[in-house]
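Data block below; observations after.
Values quoted throughout were computed directly from the atomic coordinates according to the rules given, and no laboratory measurement underlies them. If you're wondering where the values come from, they're calculated on a predicted model, not measured in any experiment. Neighbour counts run over all protein chains shown; Cβ positions are idealised from the backbone, glycine included.
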Amino acid sequence: MSNASLLILPGDGIGPEVMAEVRKVIDWYGAKRDLTFDVSEDLVGGAAYDKHGTPLHDDTMAKAQEVDAVLLGAVGGPKYDSLDFSVKPERGLLRLRKEMDLFANLRPAQCFDALADFSSLKKEVVAGLDIMIVRELTSGIYFGEPRGIFEEGNERVGINTQRYTESEIDRVARSAFELARRRGNKVCSMEKANVMESGILWREVVQKVHDEDYPDVELSHMYADAGAMQLCRWPKQFDVIVTDNLFGDLLSDAAAMLTGSLGMLPSASLGQPMANGRPKALYEPVHGSAPDIAGQGKANPIACILSFAMALRYSFDQGDEAARLEAAIETVLANGARTADLMGPEDGTPMSTTQMGDAIVAALDASL
Ligand code: NAD
Ligand code: IPM
Ligand code: MN
C-alpha cells in the first residue's frame, strides 16, 4: 500500500505533544514496514482561531473531506473560554464531525493486564475488559434545533433540542450490529425511553433493525442511567454498547476510568464509504487538551497512538499492523512503562510523553 493520505490536526494543549509521538510511529511504519502515508498537517481549534479567527478554516475543512483519514489531537483550553460560542475551539471539531457526516463514533475501552491494578475499580471487575461503545456523533442534542439563549419575559432561557430521525438511528444501529458480529455478538442499546420520546423511537428502531437484519446478534436495551451504574458494577457483561451523542460522551469518559486513565482511550469516527471504498474517517483520543498538564511533557500519548492503530485497522485494512502496534503498547506497559496518569503519587518517577513514545517505537522494533 502506498500514498494513503493522512491529515494531521494536532490542535491545542497536549494535542501537539501526543501527536509528536504518533508521528514517530507513522515514521516507523514508513521506514520498517513500507507503509507510507502522504502526511499533511494543519490547524484546528484554538490554534486555528489564533491564526485565522476561526476554529476551522474552510481550506482545512476541504482538505479533511479529501484525505483518506484525519488524525486529531485535542482542542480547547482556558485561553479560549471567553470567546464567542460560535468560534470556540470545540466548534471546529464539531464542524468536522458534522460536515464529514461521521455518524458512528467507536470508543473501545480495553483494560490492559498491566493496568488492571491501577483502575479505581477492583482488579477482578476490570481485568480482561474489552468493550466497544458506539456513540452516535452527528445528531441528537449536540445539533438539534431550536437551540440558543433567548429572552423570555424578564429572564433568559437556554435551549438545546434532542432530535433523532429514524434513519439516523437506523444507520448507527447497523454499525453497532456489524461490529458485534466481529466481536462478542452482543449489543446493548442505551437511551431513556422511560422519559424521552426520542428514546422511545431509538428503542423501536434499534429493535426493528435487529429483528429484520441482525436476528443472530443478542440485543438488550437499558436505560442509560442504569447503564452507567452497570458499567461501574460489572462492565464485562457488555460487548458493544450503542447510544446517542450525549449519553455516549458521558458513558465513554466513565468507561475510560475502567481502563486506568483517560489517557488510554482511542476513538474512530466513521462515516459513509468514499469513492475508494474507505469510510470517511477521523481518529482522535477520547481525552481533551488537558490544560492542567499541557506543556509539561506529562501527557500519556497512548490514546492518540491507539487511535492511529484504529486508523490502520478501519481505514487502511492493516489489521495485522494495528495488532502489532497494540501488542507493542501492551509490552511496554507490561515492562512497567508509566506516564504520570498511570501512577500513584508514591510510585516513583513517571516517564515523559517522549519517553513513552520512544519505548513504544523500541517495542515495535523488537517485534520484527
Ligand atoms: P481533559 O480530557 O482535557 O482532561 C481531564 C483530566 O484528564 C485532566 O486532569 C487531564 O490532565 C487528564 N488527561 C486527559 N488526557 C490525558 C493524557 N493523555 N495523559 C494524561 N492525563 C490526561 O478534559 P477537560 O479538562 O474537561 O477539558 C479540557 C479542554 O479540552 C476543554 O476545552 C474541553 O472542551 C476540551 N476537550 C476536547 C476534546 C477533544 O478535542 N476531543 C475532548 C474532551 C475535552
Ligand atoms: C469528546 C469531547 C467533545 C464532545 C467536545 C470537545 C466537543 O468531549 O470528543 O468527547 O463533547 O463530543
Ligand atoms: Mn467527551
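Which ³J(HN,Hα) values, rounded to whole Hz and listed in residue order, are derived for region 96-112 from phi using the Karplus coefficients 6.51, -1.76 and 1.60 in 6.51 cos²θ - 1.76 cosθ + 1.60 with θ = phi - 60°, glycine and proline given as x?
These are the phi-based 3J(HN,Hα) values: 4, 4, 5, 6, 7, 6, 8, 7, 10, 9, 8, 10, x, 10, 10, 9, 5 Hz.
Return the distance in nm (one decimal) between the two label points of a simple spin-label model at Val195 and Ala31, each offset 7 Å from Cα along Cα→Cβ.
If labels sit at Val195 and Ala31, their model points lie 5.5 nm apart.
Compute the distance in nm between two label points, each set 7 Å from the Cα along the Cα-to-Cβ direction, one at Ala362 and one at Glu330.
Each label point lies 7 Å from its Cα, and together they span 2.1 nm.
By how many nm would the segment from Ala323 to Gln65 grow when fully extended, if each residue of separation counts as 0.36 nm and the alpha-carbon distance is taken off?
Working: separation 258, 0.36 × 258 = 92.88 nm, distance 2.73 nm.
In short, 90.1 nm is gained.
Between Val39 and Arg183, what FRET efficiency follows from the Cβ-Cβ distance if R0 is 25 Å, with the result rounded to 0.05? Numbers along the way, then the final one.
Numbers: r = 31 Å, r/R0 = 1.22.
Taking R0 as 25 Å, the efficiency between Val39 and Arg183 is 0.25.
Test of understanding: what is the full-extension gain from Gln355 to Lys123, defined as 0.36 nm times their sequence separation minus their Cα-Cα distance? Kindly include the intermediate steps, with their values, before the conclusion.
Details: separation 232, 0.36 × 232 = 83.52 nm, distance 2.71 nm.
Extra length from Gln355 to Lys123 when fully extended: 80.8 nm.
Taking θ as phi - 60°, what are the ³J(HN,Hα) couplings along region 298-315 by the Karplus curve (6.51, -1.76, 1.60), each to the nearest whole Hz, with x for Gly and Pro?
With coefficients 6.51, -1.76 and 1.60, one gets 9, 5, 7, x, 5, 4, 6, 5, 5, 5, 5, 4, 5, 4, 4, 6, 8, 9 Hz.
Tally the DSSP beta bridges in the chain and give the antiparallel ones as a percent, rounded to 5.
Numbers: 22 of 49 bridges.
About 45 percent, rounded to the nearest 5.
Roughly speaking, what is the centre-to-centre gap between region 310-357 and region 18-50 when only Cα atoms are used, to the nearest Å?
Their Cα centres are 17 Å away from one another.
Grab the beta carbon distance between Arg163 and Leu250, set R0 = 22 Å, and tell me the FRET efficiency rounded to 0.05. Each step should come with its number before you reach the end.
Values: r = 18 Å, r/R0 = 0.84.
Efficiency computed from Cβ-Cβ geometry: 0.75.
I need Thr60, Thr349 ordered by Cβ neighbour count within 10 Å, fewest first. Mind showing how you got there, number by number?
Details: Thr60 23, Thr349 8.
Listed from fewest to most nearby Cβ atoms, that is Thr349, Thr60.
Using DSSP, restrict attention to beta bridges with both residues in region 130-258 and report what percent are antiparallel, rounded to the nearest 5.
Percent antiparallel among DSSP bridges in region 130-258 is about 30.
Using θ = phi - 60° and the Karplus curve 6.51 cos²θ - 1.76 cosθ + 1.60, what whole-Hz ³J(HN,Hα) does each residue of region 194-201 get, with Gly and Pro shown as x?
Each residue of region 194-201 in turn: 6, 10, 10, 4, 4, x, 4, 5 Hz.
Got the relative contact order for the chain handy, in percent, Cα pairs under 8 Å and 6 or more residues apart? Can you show the working numbers first?
On the way: 770 pairs, mean separation 76.4, N = 368.
Relative contact order comes out at 21 percent.
Estimate the FRET efficiency between Ser86 and Asn3 by the formula 1/(1 + (r/R0)^6), using the beta-carbon distance for r and 45 Å for R0, to the nearest 0.05.
On the way: r = 37 Å, r/R0 = 0.82.
After rounding, the FRET efficiency stands at 0.75.
So how far apart, in nm, are the two label points at Asp347 and Arg23 if each is 7 Å from Cα heading toward Cβ?
Inter-label distance under the simple model: 2.9 nm.
Putting +1 on Lys and Arg Cβ atoms and -1 on Asp and Glu Cβ atoms, find which of Gln110, Thr60, Val70 reaches farthest to the positive end of the dipole of region 16-115.
Farthest along the dipole direction, towards plus: Gln110.
Among Ala334, Ala281, Ala256, which one moves the most in a GNM of the chain with springs linking Cα atoms closer than 10 Å?
Looking only at Ala334, Ala281, Ala256, the biggest GNM fluctuation is shown by Ala334.
In square nanometres, what is one fourth of the surface area of the convex hull spanned by the alpha carbons of the chain?
Working: hull surface 77.5 nm².
Over every viewing direction, the Cα hull of the chain projects on average to 19.4 nm².
Which far-off residues, 5 or more places away or on another chain, put their amide H under 5 Å from the one on Leu71, with H placed in the peptide plane?
Leu7, Ile8, Leu9, Tyr283
If we count trypsin sites (Lys or Arg not before Pro) as exposed when they sit in a DSSP loop and have at most 11 other beta carbons within 10 Å, what is the longest stretch of the chain that avoids them all?
On the way: sites that count: Lys122, Arg182.
Segment 183-368 is the longest.
Order by neighbour count: Tyr283, Tyr223, Tyr164, fewest other Cβ atoms within 10 Å first, most last.
Ranking Tyr283, Tyr223, Tyr164 by Cβ neighbours within 10 Å, fewest first, gives Tyr223, Tyr164, Tyr283.
In terms of Cα to Cα distance under 19 Å, which lysines are near enough to Lys236, apart from those fewer than 8 places away along the same chain?
Lys122, Lys123, Lys186
Checking the cross-link filter: which aspartates and glutamates have an alpha carbon closer than 13 Å to that of Lys32, excluding same-chain neighbours under 8 positions apart?
Glu321, Asp365
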